[in-house]
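The structure under discussion appears below in the form of structure tokens.
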Amino acid sequence: MRAARLFPNATTLEVIDLTTPVPTNDSVRVAVMGAGICHSDLHVLDGQFEHLVRRPVTPGHEIAGVVDAVGPDVQGLDIGTPVAVMVGWGCGRCQWCLTGYEQLCPQGLEAGSTADGGFAEYVLVPHARHVVPLGNISAVEGTPFGCAALCAYAAVQRVLPWLTAGSAVTVVGAGGLGQYALHYLRSLSDAIVIAVDQRPSALTRAAEAGAHHCVLSHEQVAAEILDYTAGEGCRAVIDFVGSDQTLALAAQITGTRGVIALLGLSGGHLSYGFESLAPEVTLTTVVAGTLSDLHEVVRLAQTHRLTMPLTTYSLEDINHAIDDLRSGTISGRAVVLPQLAARTVTS
């Protein structure tokens, strides 16, 4: 099979031939129809998170495809079933796995970093529970579910207890994850939803995803957001960027007893002291989501589907795709189609 590999000391991916994996026991082989490229992939190529990456490795953690082969112990999963693939593959035995938080399993694997991921024609998933049938949703359309939609849904679930009718929540970063978060906030709450981004095109998409207010980043952005909250501040802020600037903004606009949920991996820090935030503000990070969350993402998509624009590439063009994502020209998600033989870029 063809696969894009990240080798030691490399800053680009190399597409090579590898032996197609054979499933054993409870494992499942998925023919990858779509693999999303995330900004976290760019961070890895730039040398961040090396302690979390096993080189050489096939990256790609946002995966959807069809079941191609199963191990002899797998039951109830038909060949040809379209599935979304869970990003975190827990051991299934520790306290985190047994309580539903496989993505936090200290012995677990993560697709694309400590185990071969989706930038290949096939991916071997260690257990059938880690694939979620997509029903009537195509595998390509379901590609963002395993990361962008999953992380956004988990973030929204985290802040929902703070949100009441008429309260305000701000989503910082209206890219692929942010658009899903805006969609879920409108579907699952009665809060006033505010989107912030430095790209007018992203704010156009944010409005389509349901944001009540779309704010272009500028020097007085905090004051503008506080105006929308009548000066009370937001009950919640979800930061999909995670820079010093966006975390500082979150601190400025979060009101008393609010919550700041951080998902962005830009390496920023927030100065934390007794008077650096409004009284009793909660700080939390969100790591992917649970397997139960992924099932709920797929279920919600059956009735509350968000049409996410996908810019698609062949596997051979993966470094071109990475360059496009880095340049900020992608609207929605960049998706590699490993089963597509021809070199192509489509939107």
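The values are calculated or read from the model by the stated rules, or taken from the named source; none is laboratory data. What you see is a predicted model, and the numbers here were worked out from it, not measured in a lab. Don't worry about glycine lacking a Cβ; one is built from the backbone with ideal geometry, like all the others, and counts go over all protein chains shown.
Worth pointing out:
- Count - residues of region 247-289 that are of a type in the set (Ser, Thr, Tyr) and surrounded by 22 or more Cβ atoms within 10 Å (Cβ to Cβ): 1
- When residues in region 15-37 are screened for being under 16 Å from residue 87 (Cα atoms) and more than 27 Å from the chain's Cα centre (by Cα), 0 of them pass.
- Residue check, residue 294 over 26 Å from residue 20 (Cα atoms), at pLDDT below 95 and in contact with a helix residue (DSSP H, G or I) (Cβ under 6 Å, 6 or more places away or on another chain): no
- Scanning region 134-162 for residues being surrounded by fewer than 23 Cβ atoms within 10 Å (Cβ to Cβ), touching a residue at least 12 places away in the same chain (Cβ under 8 Å) and in the same structural domain as residue 254 (by TED's automatic domain parsing) gives a total of 4.
- Only one entry in 249, 226 is closer than 22 Å to residue 158 by Cβ and more than 21 Å from the chain's Cα centre (by Cα), namely 249.
- Taking the criterion of being touching a residue at least 60 places away in the same chain (Cβ under 8 Å) and either basic (Lys, Arg) or surrounded by fewer than 16 Cβ atoms within 10 Å (Cβ to Cβ) (or both), the residues of region 23-42 that qualify are 29, 42.
- Residue in region 26-47 that is of a type in the set (Lys, Arg) and under 28 Å from residue 302 (Cα atoms) present: yes
A quick yes/no check of all residues on (1) farther than 30 Å from residue 2 by Cβ; (2) outside the structural domain of residue 134 (by TED's automatic domain parsing); (3) in contact (Cβ under 8 Å) with a residue 60 or more places away in the chain:
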| position | (1), (2), (3) |
| --- | --- |
| 246 | yes, yes, yes |
| 255 | yes, yes, no |
| 277 | yes, yes, no |
| 281 | yes, yes, no |
| 294 | no, no, yes |
| 299 | yes, no, no |
| 304 | yes, no, yes |
| 317 | no, no, no |
| 320 | no, no, no |
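- Close pairs (9 angstrom Cβ cut-off, 6 or more residues apart or separate chains): farther than 27 Å from residue 337 by Cα in region 65-78, among the polar types (S, T, N, Q) and crowded, with 18+ Cβ neighbours inside 10 Å anywhere: 73/27
- Strands (runs of 3 or more DSSP E) within region 98-207 that include 1 or more residues within 24 Å of residue 326 (Cα to Cα): 168-172, 192-197
Here is a yes/no grid of residues against (1) over 20 Å from residue 139 (Cβ atoms); (2) outside any strand (DSSP E or B); (3) touching a helix residue (DSSP H, G or I) at 6+ places or on another chain (Cβ under 6 Å):
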| site | (1), (2), (3) |
| --- | --- |
| 11 | yes, yes, yes |
| 16 | yes, no, no |
| 19 | yes, yes, no |
| 22 | yes, yes, no |
| 33 | no, no, no |
| 36 | no, no, yes |
| 43 | yes, yes, no |
